[in-house]
1. From the list A:95, A:103, exactly one residue is within 22 Å of residue A:27 (Cβ to Cβ), outside any helix (DSSP H, G or I) and modelled with pLDDT of 95 or more. Which is it?
2. Do we have residue A:152 as within 16 Å of ligand 2 (Cβ to nearest atom) and part of a helix (DSSP H, G or I) here?
3. Take region B:5-47 and flag every residue that is farther than 23 Å from residue B:58 by Cβ and surrounded by fewer than 13 Cβ atoms within 10 Å (Cβ to Cβ).
4. Using the structure shown, decide if residue B:177 is touching a helix residue (DSSP H, G or I) at 6+ places or on another chain (Cβ under 6 Å) and at pLDDT below 95.
5. Against the conditions (1) near ligand 1 (Cβ under 8 Å from one of its atoms); (2) in contact with a strand residue (DSSP E or B) (Cβ under 9 Å, 6 or more places away or on another chain), where does residue A:31 fall short? Just the number, please.
6. Answer with yes or no whether residue A:124 is more than 12 Å from chain B (Cβ to nearest Cβ) and out of contact with any strand residue (DSSP E or B) (no Cβ under 8 Å at 6 or more places or on another chain).
7. Considering (1) within 16 Å of ligand 1 (Cβ to nearest atom); (2) at pLDDT below 90, say which one residue A:206 fails and leave the rest.
8. Within region A:51-68, which residues are within 10 Å of the chain's Cα centre (by Cα), within 15 Å of residue A:33 (Cβ to Cβ) and either within 11 Å of another protein chain (Cβ to nearest Cβ) or more than 10 Å from ligand 2 (Cβ to nearest atom) (or both)?
Ligand SMILES: Nc1ncnc2c1ncn2[C@@H]1O[C@H](COP(=O)(O)OP(=O)(O)O)[C@@H](O)[C@H]1O
Ligand SMILES: [Mg+2]
């Protein structure tokens, strides 16, 4: 009897451990608009999932719901086995908002040192994170004096402090040059191969090839597809993610 | 409450101030200059002796209100507050961090302004100077709490500044600076009785006039307003927003 109970709890626990993100029937209304309407989604651990969709399709809203900072109307969002936004997730999930959220009137290093203290991460993480986003030579510059791309990388670096198990990155590569974008995607790959899960949004469809899985979102927060890029290309006969997306949208419209 | 996060937040706010020399000047130097200006206007005469204590309250209160309301509005609009609340920060850590940082500034400000008023400007103070400083710091923290609170009701820095004529100036006009509160028309006296700044000024007047002042009553009212405003402010720090 004892054994039986033990087994079920273990089984339950491992079942919850399987998924980084599990969303059931999520409905979000912002202002007058229903942004997400009955969205279901499951993201496995240890992978990079790209969240692609045009501007206004609800990518940021979905990410906010996963972090637990978005008011939701109904539905269930489970992250690393716990309700989204719950206390035990606060240092296990890292979030980079679309608009950089760091202090303009602090230097790069002062920003990271503060967030490291808040997270309880060791101070040695500060220089490591600054290196990872390639800002070592700007470490003592005021964030306000950085270029747009550099500033957003300060915000990204904050998400690299400590050891987050899930990183939710909202358009982290917007406005960066191709070389830097490649470097960051290489970094995301290394973080994922260390076992973390990444959910990265983008409206640049060519970043799709760097992801293990893709979620294609269309206007109205509808999931058009959730699959690997190669499966999507095969299914649609398209040459790249952008054309696959367009193909799926028009199929959707024919069916509707 | 998390001591590590509270202290880190206080240190961070002070570091931000350290990068902003104008704001430091506004907090520390401007109250001294304005007090000196008033001393000059009244030529150091009897009126100066009457309004001096109120000035030690009013100018720091305004500066603290302005700086805190704008600083916390920035936290709300820049996304840093949301980021902090998605981390292990609790509302209380955030609020106390701010209160602590500006408390330090308030001490510096109170020391500078009081020492200036007492020494160079010959303001006669019957009560103990330490008590005068304590009252000054409490009064400045009232400005901090009010600033934290109103930042929730503004979307832009322009809107924050609109709270000056709406919430701050009436308190200044009725706090006993222009006319002792007891000499105000009855209706205005009643209104001034419910405004926190009146008690801040009453406490300061008491310290100046009485050699063994009793500020427990007025001080408690100021503290009660401060804590209530902070508590109300805490309810406006929302982790989950639309
Ligand atoms: N703060 C807000 N208040 C009201 N509506 C909003 C807000 N933010 C976004 N929206 C609306 O929600 C929809 C989805 O926005 P968002 O999630 O930001 O999309 P994306 O990140 O894909 O560009 C859009 O129609 C947008 O107008
Ligand atoms: Mg977005």
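The values are calculated or read from the model by the stated rules, or taken from the named source; none is laboratory data. What you see is a predicted model; the values in this text were computed from it and never measured. Neighbour counts are summed over all protein chains in view; Cβ atoms, including those assigned to glycine, are modelled from backbone coordinates with ideal geometry.
1. Working: A:103 fails: within 22 Å of residue A:27 (Cβ to Cβ).
After applying the criteria, what remains is A:95.
2. Values: within 16 Å of ligand 2 (Cβ to nearest atom): yes; part of a helix (DSSP H, G or I): yes.
So residue A:152 fits the description; yes.
3. Hit for region B:5-47 is B:21, nothing else.
4. On the way: touching a helix residue (DSSP H, G or I) at 6+ places or on another chain (Cβ under 6 Å): yes; at pLDDT below 95: yes.
Here the answer is yes, as residue B:177 does meet what is asked.
5. All conditions are met except number (2).
6. Values: more than 12 Å from chain B (Cβ to nearest Cβ): yes; out of contact with any strand residue (DSSP E or B) (no Cβ under 8 Å at 6 or more places or on another chain): yes.
Taking the combined requirement at face value, the residue satisfies it.
7. The one condition residue A:206 does not meet is (1).
8. Initially, region A:51-68 is screened for residues within 10 Å of the chain's Cα centre (by Cα), giving A:51, A:59-60, A:62-64, A:66-67.
Now restrict to residues that are within 15 Å of residue A:33 (Cβ to Cβ): A:59-60, A:62, A:64.
Residue satisfying the conditions is A:64 alone.
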